[in-house]
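The values are calculated or read from the model by the stated rules, or taken from the named source; none is laboratory data. Predicted model, so just to flag it, every value in this text is computed and none were measured. Reconstructed Cβ throughout: ideal geometry from the backbone, glycine too, with neighbour counts over all protein chains shown. Accessible surface areas use protein heavy atoms only, side chains included; no ligands, DNA or RNA. Shrake-Rupley method; radii C 1.70, N 1.55, O 1.52, S 1.80 Å.
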Amino acid sequence: MKEAFHGSDVEKIAERYGIPAEEIVSFAANVSPMGLSDKYLKHIAEKTGCVERYPERDYKRLRKAVSGYCHAEYEDIIVGSGSSEIISAVIKHRKSPNVLIVAPAYAEYERNVRIAGGRARYYRLREERGFEFDTDVLTAALSDDLDMLMICNPVNPTGTALSAERLEQVLIRCEELDIICVVDETYVDFADPVYDASPLAGEHSCLFVIRSMSKFFCAPGLRLGYGITSDKDLLMEIEENKDPWSVSSLSAEAAVLMLSDTEYIERVRGYMTEERIRVCKRLDRLKSLGISYVEPKANFVLVHLPDGKMTADGFFEAAIRKKMMIRNCWDYKGLEKGYIRFCFMKKEDDDRLLSLMEEMYS
Ligand SMILES: Cc1ncc(COP(=O)(O)O)c(C=O)c1O
């Protein structure tokens with residue numbers, strides 16, 4: 001059985017290949033390479049004593065900071081230990097849920113449906129359509145036996161996205177059929193604001209937006225995510241089933257600062273947008289080698305390697321031997337052959353990866 005390495009498996013890879021984990025550049029975890037701001041480091045050093053107290057039970061201060069960041073009502077916000085906790089809580093709040101998942105998709109959706117004793121069906125983004133959404137087909141796939149629709153937007157792993165305007169067509173149908181539309185926006189902070197659905201939460205109570213501090217804020221260890229919905233009954237139900245204090249006081253303190261650090265937010269957004277354009281230009285030059293890619297909307301890109309030369313497995317091996325960990329996508333439904341994904345890191349690291357690709361496929 002082939003081993004599947006996920007984005008966060010740096011330690012597992014380090015052990016397997018005998019490379020010190022701190023020397024590996026992770027192109028697989030989709031975390032921004034920008035590090036933490038000096039302002040954050042100074043602030044958190046001063047606040048470490050807050051662990052002597054329990055966090056606020058209802059996280060009012062943190063939820064107000066989230067509200068200021070994403071312009072949603074603070075009463076509509078729930079916080080949790082990473083977007084993972086929110087994904088799990090929303091899927092599991094129904095017994096045996098019937099869920100339609102937009103695929104290829106983040107594996108945790110299916111895992112949580114399985115744990116909840118539910119049933120997952122799939123709406124597949126088609127390779128021949130460049131993995132773009134067809135909202136007419138998606139809307140037609142909705143039926144009244146469904147409890148939930150799970151969309152990752154921008155999609156991990158394809159990098160394609162659905163604008164909020166086009167999502168509204170889907171929301172209207174979900175409302176008619178009483179389906180909760182869960183939109184996992186873990187990568188939306190990197191994308192153009194037209195893809196951000198959070199402003200629709202107030203108008204469409206069937207919408208449940210999920211966000212994370214792990215990727216854009218370069219803080220996966222903080223374990224902080226949040227959900228936004230104007231369905232107060234659903235929020236209360238989820239809150240009642242959640243464990244109390246699942247976000248530590250230190251994480252809450254850190255997030256309040258990070259979410260208001262506009263200078264840092266603009267710097268990360270500026271760099272990531274510039275780097276996305278630059279990497280795509282370099283990838284364009286590799287088209288003559290049979291290498292193609294899906295136009296990325298967030299901070300990572302799905303690349304198809306040519307048949308006949310080195311396989312995706314082979315390229316994964318070649319990259320890890322140079323201490324670069326990419327994501328081999330063979331275990332995603334519909335991406336079994338030839339697909340890899342990597343996120344944009346520092347310019348010099350991206351150049352090293354692209355040069356290796358050029359060398360291997362020339
Ligand atoms: C699409 C998607 N959603 C959620 C998560 C989980 O993120 P968090 O660290 O916020 O739990 C990930 C992590 O890779 C992801 O790719």
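Against the test of being closer than 23 Å to GLU108 by Cβ, more than 20 Å from the chain's Cα centre (by Cα) and not assigned by TED's automatic domain parsing to the domain that holds PHE344, the options ILE179, ILE151, ILE172 yield a single qualifying residue, ILE179.
Among the residues making up region 198-223, those that are open to solvent by less than 20 Å² (accessible area, probe 1.4 Å), in contact with a Ser or Thr (Cβ under 9 Å, 6 or more places away or on another chain) and within 17 Å of ALA72 (Cβ to Cβ) are ALA201, HIS204, CYS206, LEU207, PHE208, VAL209, ILE210, ARG211, SER212, MET213, PHE216. Listed conditions (1) loosely packed, with under 13 Cβ neighbours inside 10 Å; (2) over 29 Å from GLU275 (Cα atoms); (3) in contact (Cβ under 8 Å) with a residue 24 or more places away in the chain are all met by GLU23, apart from (2). In region 299-320, which residues are outside any strand (DSSP E or B) and under 14 Å from PHE27 (Cβ atoms)? ASN299, ALA312, PHE315, PHE316, ALA318, ALA319, ILE320 - these are the residues of region 299-320 that are outside any strand (DSSP E or B) and under 14 Å from PHE27 (Cβ atoms). Exactly one residue among TYR226, TYR271 is outside the structural domain of VAL155 (by TED's automatic domain parsing), under 23 Å from PRO193 (Cα atoms) and open to solvent by less than 50 Å² (accessible area, probe 1.4 Å), and that residue is TYR271. Only one entry in ASP192, ASP196 is more than 16 Å from the ligand (Cβ to nearest atom) and either acidic (Asp, Glu) or under 19 Å from MET258 (Cβ atoms) (or both), namely ASP192. Within the set SER288, SER251, SER292, SER355, the sole residue that is free of Cβ contacts under 8 Å to residues at least 24 places away in the same chain and either touching a strand residue (DSSP E or B) at 6+ places or on another chain (Cβ under 7 Å) or surrounded by 21 or more Cβ atoms within 10 Å (Cβ to Cβ) (or both) turns out to be SER292.
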